[in-house]
Amino acid sequence: MSLTGTPFLYLLIVLAVVAVLVPLVLWSRLRGPKTLRAAARLLMLLFAQGTAVALVFVLVNNANNLYDNWDDLLGTGDHVHQAADLGANGTGNIALDKLPKVKQTFSPATGPGMRAAGGVQVTQLKGQVSGVDAEVYVWLPPQYHLPGWRHYKFPVVEVLPGYPGSAKAWFGSMKAHEQLLPLMRSGEVAPFILVAPRTNLLAGVDTGCANIPGTVNADTWLSVDVPKMVMDNFRAQSAPGGWAVAGYSAGAHCAAKLAVAHPDRYRAAVSLSGYNDPIGESNSLAAQTPALRAANNPYMLLRKAKVPPQIALYLSGQPRDGYEAAMALKQAAKAPTTVHVVYLPRTAGGHTMALWKPQVDTIFRWLSVQMGKHGVKDPTASAPPATRKAGSTRAELASGAPSGAAAGRKQ
């Protein structure tokens, strides 16, 4: 029975009801020795508490897409079948254009939100270069199957969850495709292909989107194997001009790091409540040594870059939760790198989906401008003056405009 499936949820609801009714009916009717009656009552209480905890956990898990299946929850999943040393560029000097085309079979994805807005597809991809074997979810924009667009190649945004987090999160909890469908139909947002690859590749640890020889090649999985598969199977634009990456929390760290490290693979990145130093996630493999931390820190990569990368970064965060890291990147950036920072006050909420979900509209409008979609207004071009108290409502928080409080903050 699936961890996130409706049958398991309904089973827990039934068990929770039974767990309440059983003590009401049997508590005073128990017969036998006093010790036996006490033991039976203790079991009833434990059963009631256990079912209640399990039901709450499943509801929270389904709402936030933390664990996709039992293997993720129990720490028994492993999606790495090899992890060769691929060198600094993460390709092992393989001529990627010489690799055979990857032909995949896709099927309708299951789970909350997967059938909405035209439906999400899923495939099991065996990475040719990374050695990772995992699922990839794909959502196609409404224009994709229209006759007038049959020769058009679409821009792509790779969307990444936090840790722990399911690859389905941008469709399930964030409802990105449901929010974007009407905006794409009206032309307010470019018709992007959304691609959500698995990022939880090893049991019980965050890969940090890093390449670690002998352990995992998560960077190559995300920036080489997944894009190649998408371009081989869909009318997708080529990299870097047609590709962007977006994430929240640990996924935000990955998005910024991938774009800074690989400007030849991504044109833009969106980071929602991210961090620069991999040690921001205590379970990150990329935080295990000083060398790994430096190699996977987008701030350090920007500072040390001999040639500033031609990328655009959109970074939003709250005090002590992404904002300081975003400002550090902005201060380290040099043209042609561009960095737009959005300050979110503490009153906007915490490190949750409730903070990130309302930003979907704005970040995709921003991506539309960065990816060359003409006629789409830049949501960051009309920032309110510093004297205005912006960011006080949910609509303003999603507007992409820096708040007045940020204007006077020490940088």
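The values are calculated or read from the model by the stated rules, or taken from the named source; none is laboratory data. What you are looking at is a predicted structure, and each value in this text was computed from that prediction instead of being measured. In this analysis, Cβ positions are derived from the backbone assuming ideal geometry, glycine residues included, and neighbour counts consider all displayed protein chains. These area figures cover heavy atoms from the full protein model, side chains too; ligands, DNA and RNA do not enter into them. Shrake-Rupley method; radii C 1.70, N 1.55, O 1.52, S 1.80 Å.
Residues are listed down the side, and each one gets a yes or a no for (1) closer than 22 Å to THR207 by Cα; (2) hydrophobic (A, V, I, L, M, F, W, C); (3) modelled with pLDDT of 95 or more:
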| site | (1), (2), (3) |
| --- | --- |
| VAL132 | yes, yes, yes |
| GLU135 | yes, no, yes |
| PRO141 | no, no, yes |
| GLY148 | no, no, no |
| PRO155 | no, no, yes |
| LEU160 | yes, yes, yes |
| TYR163 | yes, no, no |
| SER166 | yes, no, no |
| TRP170 | yes, yes, yes |
Exercise. Is it the case that ASP72 is in a loop (DSSP other than H, G, I, E, B), modelled with pLDDT under 85 and touching a Ser or Thr at 6+ places or on another chain (Cβ under 8 Å)?
Worked result: no
Problem set entry | Counted residues, region 158-172 - those being assigned to a loop (DSSP other than H, G, I, E, B) and either crowded, with 24+ Cβ neighbours inside 10 Å or free of Cβ contacts under 8 Å to residues at least 60 places away in the same chain (or both) | 6
Exercise. For the subset of region 121-157 comprising residues that are in a loop (DSSP other than H, G, I, E, B) and open to solvent by 80 Å² or more (accessible area, probe 1.4 Å), which member is farthest from MET229 (Cα to Cα)?
Worked result: LEU146
Exercise. Any residue in region 86-93 that is part of a loop (DSSP other than H, G, I, E, B), under 27 Å from GLY204 (Cα atoms), in contact (Cβ under 8 Å) with a residue 60 or more places away in the chain and out of contact with any helix residue (DSSP H, G or I) (no Cβ under 7 Å at 6 or more places or on another chain)?
Worked result: no
For this session: Report, ordered by the first and then the second residue, all pairs with beta carbons closer than 8 Å, sequence separation of six or more or different chains, a first member in region 324-337 that is at pLDDT below 95, and a second member that is aromatic (Phe, Trp, Tyr) and surrounded by fewer than 20 Cβ atoms within 10 Å (Cβ to Cβ).
Result: none
Exercise. Before we move on, is ARG37 open to solvent by 50 Å² or more (accessible area, probe 1.4 Å), assigned to a helix (DSSP H, G or I) and among the basic types (Lys, Arg)?
Worked result: yes
For this session: Looking only at region 356-380, count how many residues are modelled with pLDDT of 95 or more, among the charged types (D, E, K, R) and under 24 Å from ALA236 (Cβ atoms).
Result: 2
Exercise. Within the group LEU181, LEU202, which residue is within 18 Å of ARG115 (Cα to Cα) and open to solvent by 10 Å² or more (accessible area, probe 1.4 Å)?
Worked result: LEU181
Exercise. When both residues are 6+ apart or on different chains and their Cβ atoms are under 7 Å apart, which pairs have a first residue that lies in region 248-263 and is of a type in the set (D, E, K, R), and a second that is assigned to a helix (DSSP H, G or I) and crowded, with 24+ Cβ neighbours inside 10 Å?
Worked result: LYS257/PRO298
For this session: Could you please give the count of residues in region 212-248 that are out of contact with any Asp or Glu (no Cβ under 9 Å at 6 or more places or on another chain), assigned to a loop (DSSP other than H, G, I, E, B) and closer than 20 Å to GLN288 by Cβ?
Result: 1
Exercise. Within region 108-123, which residues are under 18 Å from the mean Cα position of the chain (by Cα) and either of a type in the set (Gly, Ala, Ser) or at pLDDT 95 or above (or both)?
Worked result: ALA109, GLY111, GLY113, VAL120, GLN121, VAL122, THR123
Exercise. Filtering region 249-301 down to residues that are β-branched (Val, Ile, Thr) and part of a helix (DSSP H, G or I), which residue is surrounded by the fewest Cβ atoms within 10 Å (Cβ to Cβ)?
Worked result: ILE279
Exercise. Among (1) outside any loop (DSSP other than H, G, I, E, B); (2) touching a Lys or Arg at 6+ places or on another chain (Cβ under 8 Å); (3) crowded, with 20+ Cβ neighbours inside 10 Å; (4) not aromatic (Phe, Trp, Tyr), which single condition is CYS209 missing?
Worked result: (1)
Exercise. Can you tell me which residues in region 107-120 are open to solvent by 50 Å² or more (accessible area, probe 1.4 Å) and of a type outside the set (Val, Ile, Thr)?
Worked result: SER107, PRO108, PRO112, ARG115, GLY118
For this session: Give region 61-83 a look and list any residue that's open to solvent by less than 30 Å² (accessible area, probe 1.4 Å) and touching a Phe, Trp or Tyr at 6+ places or on another chain (Cβ under 8 Å), or say none.
Result: ASN61
Seminar exercise, completed: Condition set of a type in the set (Phe, Trp, Tyr) and assigned to a helix (DSSP H, G or I), scope region 335-376, selection nearest to ALA63 (Cα to Cα): answer is TRP356
Problem set entry | Neighbours by Cβ (under 6 Å, 6+ apart or cross-chain): first from region 342-369, free of Cβ contacts under 8 Å to residues at least 40 places away in the same chain; second of a type in the set (Asp, Glu) and open to solvent by 10 Å² or more (accessible area, probe 1.4 Å) | VAL369/ASP378
Problem set entry | Residue match in region 92-114 (condition: of a type in the set (Gly, Ala, Ser) and within 20 Å of PHE154 (Cβ to Cβ)) | yes
